[in-house]
1. So in segment 1-23, with the set limited to residues that are touching a Gly at 6+ places or on another chain (Cβ under 9 Å) and part of a loop (DSSP other than H, G, I, E, B), which one is surrounded by the fewest Cβ atoms within 10 Å (Cβ to Cβ)?
2. Can you find a residue in segment 101-115 that is polar (S, T, N, Q), under 19 Å from residue 268 (Cβ atoms) and more than 14 Å from the ligand (Cβ to nearest atom)?
3. Would you kindly identify the strands (runs of 3 or more DSSP E) lying entirely within segment 62-145 that contain at least 3 residues that are surrounded by fewer than 22 Cβ atoms within 10 Å (Cβ to Cβ)?
4. Based on what the data block shows, is residue 197 among the small types (Gly, Ala, Ser), near the ligand (Cβ under 10 Å from one of its atoms) and buried (at least 16 other Cβ atoms within 10 Å of the Cβ)?
5. Being among the hydroxyl-bearing types (Ser, Thr, Tyr) and within 14 Å of the ligand (Cβ to nearest atom) narrows it down to one residue among 169, 181, 185; which is it?
6. Considering only residues of segment 261-282 that are in a strand (DSSP E or B) and more than 17 Å from the chain's Cα centre (by Cα), which is farthest from the ligand (Cβ to nearest atom)?
7. Cβ-Cβ under 6 Å, sequence separation 6+ or interchain: first residue in segment 376-390 and over 11 Å from residue 353 (Cα atoms), partner surrounded by 14 or more Cβ atoms within 10 Å (Cβ to Cβ). Which pairs?
8. Criterion first (assigned to a helix (DSSP H, G or I) and closer than 30 Å to residue 265 by Cβ) does residue 346 satisfy it?
Amino acid sequence: MSNNICDVFIAGAGPAGLSAAIALRQRGADVLLADALRPPIDKPCGEGIMPDSRHTLAELGIHLDSRHGAEFTGITFASDRSRVSADFPAGTGIGIRRTTLHTLLLERATQLGVRFSWNTPLVVKSGLPPNRPPTLANQPITYRWLIGADGQASRVRAWANLDTAHLRSRRFGFRAHYRISHWFSESQPPHVEVHWGPLGQAYITPTAPDEICVSAMTRHPNIRLNEILNAIPTLRDKLATATPTSSERGCLTLTRRLRRVTRNNVALIGAASGSADAITGEGLGLAFRQALLLADSLAPAMPDSGNPESGNLNLYQSRHAAILALPQRMASLLLLLDRHPRLRNQTLQAFANRPALFRELLAVHIGEQTLPHFLLHQGPSFATSLLATQRPTKARQDMPPNLTIETKVSS
Ligand SMILES: Cc1cc2nc3c(=O)[nH]c(=O)nc-3n(C[C@H](O)[C@H](O)[C@H](O)COP(=O)(O)OP(=O)(O)OC[C@H]3O[C@@H](n4cnc5c(N)ncnc54)[C@H](O)[C@@H]3O)c2cc1C
């Protein structure tokens, strides 16, 4: 068989492309995967995988544990005025270096028999109707299905005329790693810490017992990682004693929904198919879920299905939006707090006063609870808590500004 003939050709071997390759191979597809780079491929990322996403990754045959990174048991929100923590209602998340995750995905795909072409960008030329077929290293590719997993600036998307989108937010994201022991308290398992500052948010993910990944997001185009961190004094002071172990990397982070993610025999996956702002920490989980959906959609089309003509991308097109919906809603909510400092302070204060609310919202975020259920059962109590923050008690008015109200709730 020629190297460039396959059932499914995937452009882009990031987490989305590799996950799709694994899921499709698990259902019997002959998969060829190409990337412009060589492995292991790094990328700016907060490197946190939520408990539900970790579970989905296990369905692809990758079982992460503390040998691969560092586990975390919940999320902490912190600002200069308040701090609130909650454990996940079920499971633990894991922080894992992006290159380690890439290596594990690649090993799994190789074990299943996926074929690779590294250092070979897919070349697509649009403009002349009908579009010219894509080529790989100047050679045509023969495929039944083409999957664009080529990231947020996807060329496959443009080529397939799938670029029509609703852009809800556009921010700048950065990441760097630091070696530091005792960042987290020894008596409690670590949380991902989300620090809210005047220029944006920075979150700390443990990636090894003595290493953290610091990632930050900002709306301001001329701001870099250090400026965001320096505007958060607690982080600045703590990081002053840490040793950088990687250089800063940055890229855009978008909340974007496409009108369509498929056309004829072309489908988009991962960041190419839409995204939620990085503050949600959901990009990887989205890619894993989309990969399983894509494979389910195409499974009937695979040679050993008995009726290979029956498969198509309809299921993928119809259910893709539902996978993105919740992370995008969460992104909208969190970006509202980013834009409105007063609302942010009141909301964090309300959570600090009623940490059970924060725990419930975390349950929604990881899919253990639905948003309508949260709004129905916790909405009134949240509104009351929020209003209460507008009527400071005498004791609170007298409180020195640097005194933090800290509250923690365990499941
Ligand atoms: C600052 C920041 C923090 C984040 N933190 C988290 C987090 O904590 N948790 C989380 O789950 N998500 C996080 N994300 C989101 C996550 O990084 C993305 O969702 C994820 O990288 C998307 O994976 P992908 O495979 O779709 O795209 P990418 O990772 O961008 O991979 C695309 C691949 O396509 C290749 N490619 C591009 N063009 C071509 C071409 N023409 N031919 C061949 N190959 C091509 C590229 O080389 C690349 O390897 C964060 C993002 C940012 C920016």
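1. 14
2. Checked segment 101-115: no residue is polar (S, T, N, Q), under 19 Å from residue 268 (Cβ atoms) and more than 14 Å from the ligand (Cβ to nearest atom).
3. It comes to 115-117.
4. On the way: among the small types (Gly, Ala, Ser): yes; near the ligand (Cβ under 10 Å from one of its atoms): no; buried (at least 16 other Cβ atoms within 10 Å of the Cβ): yes.
Judged against the criteria, residue 197 is not a match.
5. Working: 181 fails: within 14 Å of the ligand (Cβ to nearest atom); 185 fails: within 14 Å of the ligand (Cβ to nearest atom).
Result of the check over 169, 181, 185: 169.
6. If we take residues in segment 261-282 being in a strand (DSSP E or B) and more than 17 Å from the chain's Cα centre (by Cα), then 263 is farthest from the ligand (Cβ to nearest atom).
7. Correct list of pairs: 378/357; 378/360.
8. no
The values are calculated or read from the model by the stated rules, or taken from the named source; none is laboratory data. Because the structure is predicted, anything quoted here is derived from the model rather than measured. Methodologically, a virtual Cβ is constructed for each residue, glycine included, from the backbone with ideal geometry; neighbour enumeration extends over all protein chains shown.
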